[in-house]
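Written out below as structure tokens is the structure these notes cover.
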Amino acid sequence: MSDTVSDAADRETQDRDRHPLAMETLVALCAARGFVYPASEIYGGIAGFWDYGPLGVELKNNLKAFWWRRMVRERDDVVGIDSAIISHPRTWEASGHVEHFSDPMVDCRTCKRRFRSDQIQGERCPEAPRQRAITECDLTEAREFNLMLRTQLGASVDETTTAYLRPETCQPIFSGFKRVRESARQRVPFGIAQIGKAFRNEITPRNFTFRSREFEQAEMEFFCHPGERERWFAHWREQRWQFHLDLGFDESLLRMRPHASDELAHYARAAEDIEFLFPFGWQEIEGIHDRGDWDLTRHTQYSGKELSVTDEETKERFMPMVIETSVGVDRTTLALLVAAYRQETLEGGDERTVLGFHPAIAPIKVAILPLSKKLAEPAHAIHADLRRHFNAFYDDAGNIGRRYRRQDEVGTPFCVTYDFDSNDDHCVTVRERDTMSQQRVAIDGLADHLRELLEQDL
Ligand code: ATP
């Protein structure tokens, strides 16, 4: 039996109810503890732009490093690049962005705001109170609105050229395909990966960092023979699903959603999204796309440079097909924060907030907490040693219970306490975030002990 609209709506409500976390709670925690806060905050912020603070940048860097490790370092058949953000403007003509990269948009003449027409329920302006009549919303007809951000290059007004801040990181991978293939001495099948900023003039940036105007993507374009595209699509689909499980996401928070045929880009053969259950519903964090030979064919046409390849054994000449994996770094960081957040009531009634990050992703790996300021000297020495290996933090302010809570709240997996016995037994206490269990460990072997714990399951 097929789903009715109300079945789907019920399921959506149930999914949301599974999330005890309200976004406002997370947004407030992120600002208070320096994960993420509005860009230009003292000027009231700027819609769609966010700054990552001292803990946020560590979290995001750890995520990017893990992606790079899985996608580039651990594979013989993928190489990395870091391209310029601004490409030759012809790039975006070849890619179809100048002509097609737009959303249908409506303006409300009453509230003077602009919305994506496909995100408006019925014909109502989202600003209108429920009881207001549709006519009072006074929406314009839908018009196409190009999402690329433009800039001008060149000094004098007459000679300036319009350039675009890239709306996706993959196009320089296609335009650099020949150079990378030859210089890295790679043969099809192989992939090119990069992590970098992308910009889209989103009409309605919202849901915290989820839909931003400046964001980061981690993309990999895998080039293969036309006869092998299904096999590689299946391979990358499986690899990318496993990546998210390895990040520590519970499987119940993830799902694969194949695109319906009317959703596919005109050049795409297949596409699936990996979706995450946010407090605001199931939403895409990654796309896996079979882009066919569209990109290389178009860049061949527009540049006049031949991008097809020859199979050295069969001498067959062909245009490689492309399987793309494209994950949003900011969306995944947000998903990590959502999944990690929990509020616990401890024995005795105390409350604690915990960010239960996988240790590999946690911004601070270990906090060194001397029991008293009198023990600062040996505790500093341990800190100096550990920080050569991992991001280690020193804190001697306040009682030890409060210091543990502060670390729990930012997801630090281990706390090392130097106490009055440590001078004699040359041991410290290592306290684990989730179980709060404590173990006496020799200072000599402390770095190795922590490394073993931090690298577990990876
Ligand atoms: P959406 O339909 O949500 O706008 P999309 O299908 O246009 O996303 P892609 O072009 O496939 O997204 O981009 C790949 C990834 O880049 C997305 O899965 C997402 O994680 C990220 N991404 C895209 N647009 C944004 C944005 N405005 N803010 C943050 N991340 C984004």
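The set of residues in segment 188-206 being under 15 Å from the mean Cα position of the chain (by Cα) and surrounded by fewer than 17 Cβ atoms within 10 Å (Cβ to Cβ) consists of 197 alone. Against the test of being at pLDDT below 95 and of a type in the set (Val, Ile, Thr), the options 333, 300, 345 yield a single qualifying residue, 345. Being part of a loop (DSSP other than H, G, I, E, B), within 15 Å of the ligand (Cβ to nearest atom) and buried (at least 21 other Cβ atoms within 10 Å of the Cβ) is the requirement here; does residue 249 meet it? Answer is yes for this residue. Annotation for segment 219-229: at least one member residue is under 21 Å from residue 148 (Cα atoms) and outside any helix (DSSP H, G or I).
Residues that are in contact with a Leu (Cβ under 7 Å, 6 or more places away or on another chain), buried (at least 21 other Cβ atoms within 10 Å of the Cβ) and more than 30 Å from residue 247 (Cβ to Cβ) do not occur anywhere in segment 323-337. For segment 432-449, the set of residues classified as surrounded by 14 or more Cβ atoms within 10 Å (Cβ to Cβ) and either assigned to a helix (DSSP H, G or I) or among the polar types (S, T, N, Q) (or both) consists of 443, 446, 447, 449, listed by residue number. For residue 307, the test of being away from the ligand (no atom under 14 Å from the Cβ), out of contact with any strand residue (DSSP E or B) (no Cβ under 6 Å at 6 or more places or on another chain), at negative phi and in contact (Cβ under 8 Å) with a residue 40 or more places away in the chain is passed.
Residues in segment 308-333 that are over 22 Å from the mean Cα position of the chain (by Cα) and basic (Lys, Arg): 315, 317. Close Cβ contacts (under 7 Å, 6 or more residues apart or on different chains) running from residues in segment 212-223 that are in contact (Cβ under 8 Å) with a residue 40 or more places away in the chain and more than 9 Å from the ligand (Cβ to nearest atom) to residues that are among the aromatic types (Phe, Trp, Tyr) and in a strand (DSSP E or B) comprise 223/190. Selection of segment 261-283 for residues being near the ligand (Cβ under 10 Å from one of its atoms) and either touching a residue at least 24 places away in the same chain (Cβ under 8 Å) or farther than 13 Å from residue 331 by Cβ (or both) yields 263, 265, 271, 274, 276, 283. Considering only segment 310-329, state which residues are acidic (Asp, Glu) and either within 16 Å of the ligand (Cβ to nearest atom) or free of Cβ contacts under 8 Å to residues at least 40 places away in the same chain (or both). Selection gives 313, 316, 324.
For segment 185-211, which residues satisfy the criterion of being free of Cβ contacts under 8 Å to residues at least 40 places away in the same chain and more than 10 Å from the ligand (Cβ to nearest atom)? Once the filter is applied, which keeps residues that are free of Cβ contacts under 8 Å to residues at least 40 places away in the same chain and more than 10 Å from the ligand (Cβ to nearest atom), segment 185-211 yields only 185.
Checked across segment 28-43, the condition of being of a type in the set (D, E, K, R) and exposed (fewer than 15 other Cβ atoms within 10 Å of the Cβ) holds for at least one residue.
The C-beta contact set for segment 330-346 (first residue in contact (Cβ under 8 Å) with a residue 40 or more places away in the chain and within 13 Å of residue 64 (Cα to Cα), second residue among the hydroxyl-bearing types (Ser, Thr, Tyr) and within 15 Å of the ligand (Cβ to nearest atom), distance under 7 angstrom, 6+ apart or interchain) comprises 330/209; 330/212. When residues in segment 6-61 are screened for being modelled with pLDDT under 85 and not in a helix (DSSP H, G or I), 4 of them pass. Going by the conditions given, is residue 185 surrounded by fewer than 18 Cβ atoms within 10 Å (Cβ to Cβ), modelled with pLDDT of 95 or more, basic (Lys, Arg) and assigned to a strand (DSSP E or B)? No; evaluated as a whole, the condition is false for this residue. None of 107, 82, 76 is exposed (fewer than 14 other Cβ atoms within 10 Å of the Cβ) and either polar (S, T, N, Q) or more than 17 Å from residue 176 (Cα to Cα) (or both) except 76. Being within 16 Å of the ligand (Cβ to nearest atom), modelled with pLDDT of 95 or more and surrounded by 14 or more Cβ atoms within 10 Å (Cβ to Cβ) is a property that holds for residue 167. Would you confirm whether any residue within segment 409-419 is without any contact (Cβ under 8 Å) to a residue 40 or more places away in the chain and more than 25 Å from the chain's Cα centre (by Cα)? No; the residues of segment 409-419 include none that is without any contact (Cβ under 8 Å) to a residue 40 or more places away in the chain and more than 25 Å from the chain's Cα centre (by Cα).
The values are calculated or read from the model by the stated rules, or taken from the named source; none is laboratory data. Since this is a predicted model, take the numbers as computed values, not measurements. Every residue, glycine among them, receives a Cβ derived from its backbone with ideal geometry; neighbour counts consider all protein chains shown.
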